[in-house]
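Colleague: Dropping the structure in here first, questions after.
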Amino acid sequence: MRDTYESPLSSRYADKEMKYIFSPDMKFRTWRKLWIALAEAENELGLEVTQEQIDELKAHADDINYEVAEQREKLVRHDVMSHVYAYGQQCPKAAGIIHLGATSCYVGDNTDVIIMTEALKIVEKKLVSTIRLLSQFADKYKNLPTLAFTHFQPAQPTTVGKRATLWIQDLLMDLEDVRYVIKNMKLLGCKGTTGTQASFLELFEGDHEKCRKIDKLIAEKMGYTDCFAVSGQTYSRKLDSRVLNVLAGIAQSASKFSNDIRLLQHLKEIEEPFEKNQIGSSAMAYKRNPMRSERMASLSRYVMIDVLNPYITAATQWFERTLDDSANKRLSIPEAFLAVDAILNLYMNVSDGLVVYERVITAHLMNELPFMMTENIMMDAVKKGGNRQELHEKIRTYSMEVKTSGSNDLLEKIANDPAFFVTLDELKAKIEPSKYVGRSPKQTEDFLNEVVKPALAPYESMATETAEINV
């Protein structure tokens, strides 16, 4: 449709798998699974819910009569009761026990938790693939010296692979957070209108133990270990902020990576993938713009700001609940997941196709390396009888001259000065870049073997994904 707005996250960026998780079909199928779990739990706890009714509900778990529900909602203006009615039309024997004792949040909130959990599993899978791809890159270039930067000013050299470990380390922290949140996801359970389970206490004729058991049974039937011990009408909206915290953390890591790649592409040292027929600029035909990394930064900014929505929502819920969370949740949570899905697709794509220009990297390093050698040169000259203060002033003066001249002949200036007791050939023999990268190659090896491999060990059977970027 060209005459109606739709979110670019859905139409351009996110994958089909993530979009389905937040689709109406996923939501309403989950509602029916929850109604079946409720009926089964009530049957097992002795209420007058028969196996025949449960079997009827199961027979129509997936063939949702959407037209009936939509027509009913126009009349009653209530989505949950419209779907209870539609389900009852297909299950006449069970119609009277569907949603028995529950309030709307039973299906609404439990479904939200289930959907977020499934979406986090997709995020987890893509994080693993990204870490794998970057690890391959780090291992390949662990020995390639490159100019390091502090304040974006030339600093002591590192290696290309060692720099990549910094990106990986951020993602490992994100993976750790994702795993923690998935492990600790809990359902709301069946708590009633204000979280007191008053309706179930009535149904179970004052039996508190059965009220406790129904939550446990529902959790188990839906694949969870537990429900929140207490709640108002809803689960604590602090859970939403915890989930989006993780997503914003991934966005933060991706943004740092994308900025580094953009800077490296400006230096012409490393470039993101650039396809044969890709156009960088409508005016400047020679340009190769880092559009994937720029899009990562752009979407990441959105997610890092979006995390404020559940923060404010959780902070402003009144007592047992208010409804000002609902419209905000419908936007902030799905859009954050779709954005992170797109971000990780870009991250995988860029990591899998990074182009490294080794000669340019070496040329930049060699142009700056003479400055980094000066402390060692000065110490060697002092050992041979030189005056440290005088030598320091000479190096400072020569360095300033070189920086304003446009060509780096610092070593020649030092070699021509008898105060340093050194020849040009002796200086050139010391300019091997690998001598100045410290433990970078070994640090990279150790990190990949001792940190990354154990972290990814639980995912050995999971295939590494790659992503194609279509726009």
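The values are calculated or read from the model by the stated rules, or taken from the named source; none is laboratory data. Note that this is a predicted model, so its numbers are computed, not measured. Note that each Cβ is placed from the backbone with ideal geometry, even for glycine, and that neighbours are counted across all protein chains shown.
Colleague: Examine region 371-383 for a residue that is more than 24 Å from the chain's Cα centre (by Cα), outside any helix (DSSP H, G or I) and surrounded by fewer than 16 Cβ atoms within 10 Å (Cβ to Cβ), and state whether such a residue exists.
Modeller: To start, the set of residues in region 371-383 that are more than 24 Å from the chain's Cα centre (by Cα) comprises 371-383.
Checking the rest, the ones that are also outside any helix (DSSP H, G or I) come to none.
Within region 371-383, not a single residue is more than 24 Å from the chain's Cα centre (by Cα), outside any helix (DSSP H, G or I) and surrounded by fewer than 16 Cβ atoms within 10 Å (Cβ to Cβ).
Colleague: Would it be correct to say that Val68 is in the same structural domain as Ser231 (by TED's automatic domain parsing) and among the hydrophobic types (A, V, I, L, M, F, W, C)?
Modeller: Details: in the same structural domain as Ser231 (by TED's automatic domain parsing): no; among the hydrophobic types (A, V, I, L, M, F, W, C): yes.
No: the conditions fail for Val68.
Table: residues versus (1) aliphatic (A, V, I, L, M); (2) touching a Cys at 6+ places or on another chain (Cβ under 9 Å); (3) over 30 Å from Ser82 (Cα atoms).
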{"residue": "Gly96", "(1), (2), (3)": "no, no, no"}
{"residue": "Gly101", "(1), (2), (3)": "no, yes, no"}
{"residue": "Tyr106", "(1), (2), (3)": "no, yes, no"}
{"residue": "Met116", "(1), (2), (3)": "yes, no, no"}
{"residue": "Ile122", "(1), (2), (3)": "yes, no, yes"}
{"residue": "Val128", "(1), (2), (3)": "yes, no, yes"}
{"residue": "Leu134", "(1), (2), (3)": "yes, no, yes"}
{"residue": "Ala138", "(1), (2), (3)": "yes, no, yes"}
{"residue": "Lys142", "(1), (2), (3)": "no, no, yes"}
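Colleague: Which is among the acidic types (Asp, Glu), within 30 Å of Gly161 (Cβ to Cβ) and outside the structural domain of Arg163 (by TED's automatic domain parsing), of Glu375, Glu412, Glu393? Before you say what the answer is, go through the steps one by one.
Modeller: Numbers: Glu412 fails: within 30 Å of Gly161 (Cβ to Cβ); Glu393 fails: within 30 Å of Gly161 (Cβ to Cβ).
Within the list Glu375, Glu412, Glu393, the selection yields Glu375.
Colleague: Are any residues in region 456-470 at pLDDT 90 or above and assigned to a loop (DSSP other than H, G, I, E, B), and if so, which ones? Steps first, please.
Modeller: To start, the set of residues in region 456-470 that are at pLDDT 90 or above comprises 456-464.
Passing the criteria: Glu460, Ser461, Met462, Ala463, Thr464.
Colleague: Something else now. Being in a helix (DSSP H, G or I) and surrounded by 12 or more Cβ atoms within 10 Å (Cβ to Cβ) is the filter here, so list the residues in region 429-441 that pass it. Break it down into steps so the answer makes sense when it comes.
Modeller: First pass over region 429-441, keeping only residues in a helix (DSSP H, G or I): 429, 433-436, 440-441.
Once the filter is applied, which keeps residues that are in a helix (DSSP H, G or I) and surrounded by 12 or more Cβ atoms within 10 Å (Cβ to Cβ), region 429-441 yields Pro433, Ser434, Lys435, Tyr436, Ser440, Pro441.
Colleague: What is the one condition in (1) more than 27 Å from the chain's Cα centre (by Cα); (2) in contact (Cβ under 8 Å) with a residue 12 or more places away in the chain; (3) under 14 Å from Ile114 (Cβ atoms) that Glu220 does not satisfy?
Modeller: All conditions pass for Glu220, except number (2).
Colleague: From the list Ile312, Ile343, exactly one residue is more than 23 Å from Ser258 (Cα to Cα) and either touching a residue at least 12 places away in the same chain (Cβ under 8 Å) or surrounded by fewer than 18 Cβ atoms within 10 Å (Cβ to Cβ) (or both). Which is it?
Modeller: Details: Ile343 fails: more than 23 Å from Ser258 (Cα to Cα).
After ruling out the rest, the residue left standing is Ile312.
Here's the yes/no breakdown for (1) over 20 Å from Asp109 (Cβ atoms); (2) basic (Lys, Arg); (3) in the same structural domain as Ile431 (by TED's automatic domain parsing); (4) within 21 Å of the chain's Cα centre (by Cα):
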{"site": "Leu299", "(1), (2), (3), (4)": "yes, no, no, yes"}
{"site": "Val303", "(1), (2), (3), (4)": "yes, no, no, yes"}
{"site": "Asn309", "(1), (2), (3), (4)": "no, no, no, yes"}
{"site": "Ile312", "(1), (2), (3), (4)": "no, no, no, no"}
{"site": "Thr316", "(1), (2), (3), (4)": "no, no, no, no"}
{"site": "Ala327", "(1), (2), (3), (4)": "no, no, no, no"}
{"site": "Ile333", "(1), (2), (3), (4)": "no, no, no, yes"}
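Colleague: Also: Considering only region 5-15, I want to know if a residue exists there that is closer than 30 Å to Glu202 by Cα and either of a type in the set (Gly, Ala, Ser) or touching a Phe, Trp or Tyr at 6+ places or on another chain (Cβ under 8 Å) (or both).
Modeller: As a first pass, look at region 5-15 and keep what is closer than 30 Å to Glu202 by Cα: none.
No, that holds for no residue.
Colleague: With respect to Leu9, is the statement that it is outside any helix (DSSP H, G or I) and more than 18 Å from Leu188 (Cβ to Cβ) true? Spell out how you get there, then give the answer.
Modeller: Values: outside any helix (DSSP H, G or I): no; more than 18 Å from Leu188 (Cβ to Cβ): yes.
Criteria not met by Leu9.
Colleague: Related question: Quick check on this structure: which one of Phe319, Phe337, Phe371 is among the hydrophobic types (A, V, I, L, M, F, W, C), at pLDDT 95 or above and more than 30 Å from Leu133 (Cβ to Cβ)?
Modeller: When all the criteria are applied, what remains is Phe319.
Colleague: To continue, here is another question. Please go through region 321-340 and pick out each residue that is within 20 Å of Ile115 (Cα to Cα), without any contact (Cβ under 8 Å) to a residue 24 or more places away in the chain and among the hydroxyl-bearing types (Ser, Thr, Tyr).
Modeller: Ser326 - this is the single residue of region 321-340 that is within 20 Å of Ile115 (Cα to Cα), without any contact (Cβ under 8 Å) to a residue 24 or more places away in the chain and among the hydroxyl-bearing types (Ser, Thr, Tyr).
Colleague: For Lys33, work out the one condition from (1) in contact with an Asp or Glu (Cβ under 9 Å, 6 or more places away or on another chain); (2) over 30 Å from Glu468 (Cα atoms); (3) of a type outside the set (Ser, Thr, Tyr) it doesn't fulfil.
Modeller: So Lys33 meets the others, but not (1).
Colleague: For a quick check of your reading of the model, give me the residue pairs whose first member lies in region 392-419 and is among the β-branched types (Val, Ile, Thr), whose second is assigned to a helix (DSSP H, G or I) and surrounded by 11 or more Cβ atoms within 10 Å (Cβ to Cβ), with beta-carbon atoms closer than 7 Å and at least 6 apart or on different chains.
Modeller: Qualifying pairs under 7 Å: Ile395/Thr374; Ile395/Met378; Val402/Leu410; Ile414/Ile377; Ile414/Tyr398; Ile414/Phe420; Ile414/Leu427.
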